[in-house]
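Encoded as structure tokens, the structure appears first; notes follow it.
The values are calculated or read from the model by the stated rules, or taken from the named source; none is laboratory data. Everything numeric here is computed off the predicted structure, so don't read it as measured data. Using ideal geometry, Cβ is built from the backbone for each residue, glycine included, and neighbour counts are taken over all protein chains shown.
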Amino acid sequence: MKKAVVPRSLAVVVVVATLAPVASGMGAVGRWSSISPKLVGNWTRTVSRADVKRSGATGIPAGSVWTLKIKKDGTASVFGTKGVGGFDGTVTSTGADRVHINLGIPSANTYVWHVSKQLLTLTKVKDPIQDRVAVFVGIWKQK
């Protein structure tokens, strides 16, 4: 009686296909689960003329009021007044006091955050998107 021979490449494909959904599911859970509870909530801030000038923003009007909503799972939205619209996306933890803000134009960015009482301060470490910097850098008040 001959023994069935399974080509090695087929065996690898079967193992990878079986494990891929498990690995991606684990990543999806772990990716946003580490967001600090201190960041969760509704926050607002007004972009000043100095914010626009400092960042070099061209699409964010001074005086626009922005609302940032962050949920426990890291999903987030931000929207502003004065006809600027809004964006949906995520805020993900990249360290104990650092986050990546994936709202608006996708790009590598890092912000340091600090919460004291009802105030959230965001400071840019790196972000090439000047309009996002104008909106996010500064002090946000919890609603």
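Within the range 107-122, the set of residues being farther than 18 Å from A50 by Cα, touching a strand residue (DSSP E or B) at 6+ places or on another chain (Cβ under 7 Å), in a strand (DSSP E or B) and not hydrophobic (A, V, I, L, M, F, W, C) comprises T110, Y111, H114.
For the range 75-90, the criterion of a residue being loosely packed, with under 13 Cβ neighbours inside 10 Å, of a type outside the set (F, W, Y) and in contact with a helix residue (DSSP H, G or I) (Cβ under 9 Å, 6 or more places away or on another chain) is satisfied by no position. Cβ separations smaller than 7 Å between residues 6+ apart or across chains give the following pairs from the range 36-56 residues that are buried (at least 20 other Cβ atoms within 10 Å of the Cβ) and modelled with pLDDT of 95 or more to residues that are among the hydroxyl-bearing types (S, T, Y) and not in a strand (DSSP E or B): V47/S64. Tell me whether the range 128-138 contains one or more residues that are within 13 Å of the chain's Cα centre (by Cα) and among the acidic types (D, E). For the range 128-138, residues within 13 Å of the chain's Cα centre (by Cα) and among the acidic types (D, E): absent. Applying a threshold of 9 Å to beta carbon distances and a minimum spacing of six or more residues, or different chains, the list of pairs starting in the range 99-124 at a residue that is touching a residue at least 12 places away in the same chain (Cβ under 8 Å) and among the basic types (K, R) and ending at one that is surrounded by fewer than 19 Cβ atoms within 10 Å (Cβ to Cβ) and part of a strand (DSSP E or B) reads K124/T110; K124/V112.
Might you let me know whether the range 123-132 holds any residue that is touching a helix residue (DSSP H, G or I) at 6+ places or on another chain (Cβ under 6 Å) and assigned to a strand (DSSP E or B)?
Step one: list which residues in the range 123-132 are touching a helix residue (DSSP H, G or I) at 6+ places or on another chain (Cβ under 6 Å), which gives 124, 127, 130.
So of that shortlist, the ones also assigned to a strand (DSSP E or B) come out as 124.
Within the range 123-132, one or more residues are touching a helix residue (DSSP H, G or I) at 6+ places or on another chain (Cβ under 6 Å) and assigned to a strand (DSSP E or B).
Name the residues in the range 68-106 that are hydroxyl-bearing (S, T, Y) and more than 9 Å from the chain's Cα centre (by Cα), would you? Passing the criteria: S77, T81, T94.
Just to be sure before I move on: is V115 touching a helix residue (DSSP H, G or I) at 6+ places or on another chain (Cβ under 6 Å), surrounded by 15 or more Cβ atoms within 10 Å (Cβ to Cβ) and modelled with pLDDT of 95 or more in the structure I sent?
Working: touching a helix residue (DSSP H, G or I) at 6+ places or on another chain (Cβ under 6 Å): yes; surrounded by 15 or more Cβ atoms within 10 Å (Cβ to Cβ): yes; modelled with pLDDT of 95 or more: yes.
Yes, satisfied.
Please specify each residue of the range 95-107 satisfying the condition of being loosely packed, with under 15 Cβ neighbours inside 10 Å and of a type in the set (S, T, N, Q).
Of all residues in the range 95-107, those loosely packed, with under 15 Cβ neighbours inside 10 Å come to 95-98, 105-107.
Scanning the range 95-107 gives a single hit, S107.
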